[in-house]
Amino acid sequence: MIIEVYLSLGSNIGDKKAYLEEAIIEIGKIAKTELRAVSSFYITKPWGKLEQADFINMVIKIMTSLSAERLLENLQNIEMKMGRQDNGRWGPRIIDIDILLYGDKIIHTEELVVPHPHMKQRLFVLVPLMELNPDLVFPDDGAHIQEVLSKVLDREGEDNIIKRL
């Protein structure tokens, strides 16, 4: 079965845009996976640990017949190949790739939680996700992306997403 998957990519070390472009190429090489859409690049303020450089974030849409766990393994291998190091939770990173949505599946394992547990709080996920799919409905609660994004914008304002590249 082919599943529609949304991934969040971010970088805030070195040549951020180049790292994101490299990650997209590497994701496109994953067997049984096809890249379908790429959002704009967004300069965003850090989330969690605020004393670090701004990020460039984006969302991509892929189609895959891999299981969520197998896809996660491939994505983690890409992060490691690109030199990601453990800088603590929400710390600076060369590349960060998260599975946001895996079809309409709800997954809770030790290794993976989908839909991503913090995605509805983060402008750097919601804005590019809406760019790719303005009709998206979240499978866990039936919320529409436009209503979720509107609530977060009301709470945080647009300052945390500086601009589209």
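The values are calculated or read from the model by the stated rules, or taken from the named source; none is laboratory data. Keep in mind the model is a prediction, meaning the values are calculated, not measured. Glycine also receives a Cβ, built like all others from the backbone with ideal geometry; neighbour counts cover every protein chain displayed.
Observations
- Listed by first and then second residue, the pairs with beta-carbon distance under 7 Å, at least 6 apart or on different chains, first residue in segment 118-138 and part of a loop (DSSP other than H, G, I, E, B), second of a type in the set (F, W, Y), are R122/W47.
- When A68 is tested against the conditions (1) small (G, A, S); (2) buried (at least 18 other Cβ atoms within 10 Å of the Cβ); (3) modelled with pLDDT under 95, the lone failure is (3).
- Residue count for segment 104-122, restricted to those that are in contact with a helix residue (DSSP H, G or I) (Cβ under 9 Å, 6 or more places away or on another chain) and not hydroxyl-bearing (S, T, Y): 11
- Test: residue in segment 121-136 that is of a type in the set (S, T, N, Q) and under 16 Å from the mean Cα position of the chain (by Cα): yes
- Restricting segment 139-165 to residues that are under 23 Å from P46 (Cα atoms) and outside any helix (DSSP H, G or I), the residue that is modelled with the highest pLDDT: G157
- The C-beta contact set for segment 13-42 (first residue among the hydrophobic types (A, V, I, L, M, F, W, C), second residue at pLDDT below 95 and in a loop (DSSP other than H, G, I, E, B), distance under 6 angstrom, 6+ apart or interchain) comprises I13/P92; I13/I94; A23/I95; F41/L165.
- Evaluation of A31 against (1) farther than 20 Å from V114 by Cα; (2) in contact with a strand residue (DSSP E or B) (Cβ under 8 Å, 6 or more places away or on another chain); (3) surrounded by fewer than 17 Cβ atoms within 10 Å (Cβ to Cβ); (4) not aromatic (F, W, Y) (one fails), failing number: (2)
- Counting the residues of segment 48-65 that are surrounded by fewer than 19 Cβ atoms within 10 Å (Cβ to Cβ) and at pLDDT below 90 gives 7.
- Against the list (1) under 14 Å from I24 (Cα atoms); (2) of a type outside the set (K, R); (3) modelled with pLDDT of 95 or more; (4) within 13 Å of the chain's Cα centre (by Cα), the condition I95 fails is (3).
- Single residue of L136, L100, L75, L132 found to be in contact with a Pro (Cβ under 8 Å, 6 or more places away or on another chain), modelled with pLDDT of 95 or more and closer than 26 Å to I43 by Cα: L100
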